Amino acid sequence: MGSTSPAILLGLYLISAHLLAHLAAQPAPGAFKCSQTKATCQGLVDYKVPNATALSVIKTRFGVENLNALLGANNYPTSTPPSRVVAANQTIKIPFPCACVNGTGVSDGVPVYAVKDGDGLDHIARDVFAALVTFQQIAAASGIPDPNVIAVGQKLNIPLPCSCEPVNGTQVVHYGHVVQSGSTVEEIAQRFGTTNVTLLELNGMANASSLLAGQVLDVPLRGS
C-alpha cells in the first residue's frame, strides 16, 4: 500500500486550514451578526418559561437590572408585583445589555448562571434557558474546555443572541423572536413592520422555507 506524498499532505493541510479559518470567521449558529466593533446597545429576546415562575425569579435569572425594565418590555403595568407568576410555556420578553464582539452580538455580562447539583450544560441550555443558546456556546463563553466537566457553584456566562447593527441605515432594536409552530416569514414580517427580504438577509436564510419552529429569529424593531 503506497504512502501519500508530502506535496499532497501539504495541500490537504492548507485546504483544511483555509476551511477552518473561514468557519471561524462565520457567526455561530443562532448568533446575530454585528460588525459594529465594540458597539453596545439594548437587546431583547423571547423566553418561553419552562415552569410557572415569578417575575422576580425571571429577573434574577437573566440579571435584569430592575423590575420596571422587565415590566416595560412586556407592557405590564408598573404596579405589577414581583411575585406575579408567569405561567408555564408562556413567552415573556427579556431586555438585556448587548455588545458586539468578533462579528457577532452577545449579551454583555449577563446572565450569569451558578451551576447546581445535577446540572449539565445541555440541560442548562435547553431547559433553564429554553434553548436560546447551545451548550457549546455556553462552554465557549465560559472558557470551559470540556463541556462534560462542570462543578457545582461554577459561574457560567450565558451568551444571549443580540446585535447593535443598523438596518438599512436605521438604528433598531434587534429582537430575538422565538418562532412559533405554523409561523411564516411573511406573517412575522407583517406583524413587526419589516420585510421578508430584510428578515432573510439578517438571518442568513436562503429562502422563507428555511424557517424553523423554535428558531431564534433576528427581527429589527424600529422606534423602540
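One residue alone among ASN51, ASN74, ASN66 is free of Cβ contacts under 8 Å to residues at least 40 places away in the same chain and within 30 Å of LEU200 (Cβ to Cβ), and that residue is ASN74. Within region 82-128, the residues that satisfy the criterion of being under 21 Å from ALA151 (Cβ atoms), over 12 Å from the mean Cα position of the chain (by Cα), buried (at least 18 other Cβ atoms within 10 Å of the Cβ) and without any contact (Cβ under 8 Å) to a residue 40 or more places away in the chain are ASP119, LEU121, ILE124.
Taking GLN180, is it out of contact with any His (no Cβ under 6 Å at 6 or more places or on another chain), open to solvent by 70 Å² or more (accessible area, probe 1.4 Å) and under 28 Å from ASN196 (Cβ atoms)? So GLN180 fits the description; yes. The residue pairs whose first member lies in region 165-180 and is more than 18 Å from VAL106 (Cβ to Cβ), whose second member is buried (at least 20 other Cβ atoms within 10 Å of the Cβ), and whose beta carbons are closer than 6 Å, counting only pairs six or more residues apart or on different chains, are VAL167/PRO220; VAL179/LEU217. Annotation note: of SER181, SER210, the sole residue that is of a type in the set (Gly, Ala, Ser) and either within 18 Å of PHE32 (Cβ to Cβ) or in contact with a strand residue (DSSP E or B) (Cβ under 6 Å, 6 or more places away or on another chain) (or both) is SER210. Summed over region 205-222, the residues that are in a loop (DSSP other than H, G, I, E, B) and surrounded by 14 or more Cβ atoms within 10 Å (Cβ to Cβ) give a count of 3.
Working carefully through the options ASN157, ASN148, find the one that is open to solvent by 30 Å² or more (accessible area, probe 1.4 Å) and over 26 Å from LYS38 (Cβ atoms).
When all the criteria are applied, what remains is ASN148.
When you look at GLY204, is it at positive phi and without any contact (Cβ under 8 Å) to a residue 24 or more places away in the chain, yes or no? Here the answer is no, as GLY204 does not meet what is asked.
Put simply, of SER16, SER3, SER56 the only residue that is more than 18 Å from the chain's Cα centre (by Cα), in a helix (DSSP H, G or I), of a type in the set (S, T, N, Q) and at pLDDT below 85 is SER16. The requirement of being open to solvent by 40 Å² or more (accessible area, probe 1.4 Å), more than 25 Å from LYS93 (Cβ to Cβ) and within 19 Å of the chain's Cα centre (by Cα) is not satisfied by ALA131.
Of all the numbered requirements in (1) more than 19 Å from VAL178 (Cβ to Cβ); (2) surrounded by 15 or more Cβ atoms within 10 Å (Cβ to Cβ); (3) among the charged types (D, E, K, R), GLU65 misses one, and that requirement is (2).
The values are calculated or read from the model by the stated rules, or taken from the named source; none is laboratory data. Worth saying up front: this structure is predicted, and the values here are computed from it rather than measured. Every residue, glycine among them, receives a Cβ derived from its backbone with ideal geometry; neighbour counts consider all protein chains shown. To get the accessible areas, we keep the full protein, side chains included, count just its heavy atoms, and leave off ligands, DNA and RNA. Shrake-Rupley method; radii C 1.70, N 1.55, O 1.52, S 1.80 Å.
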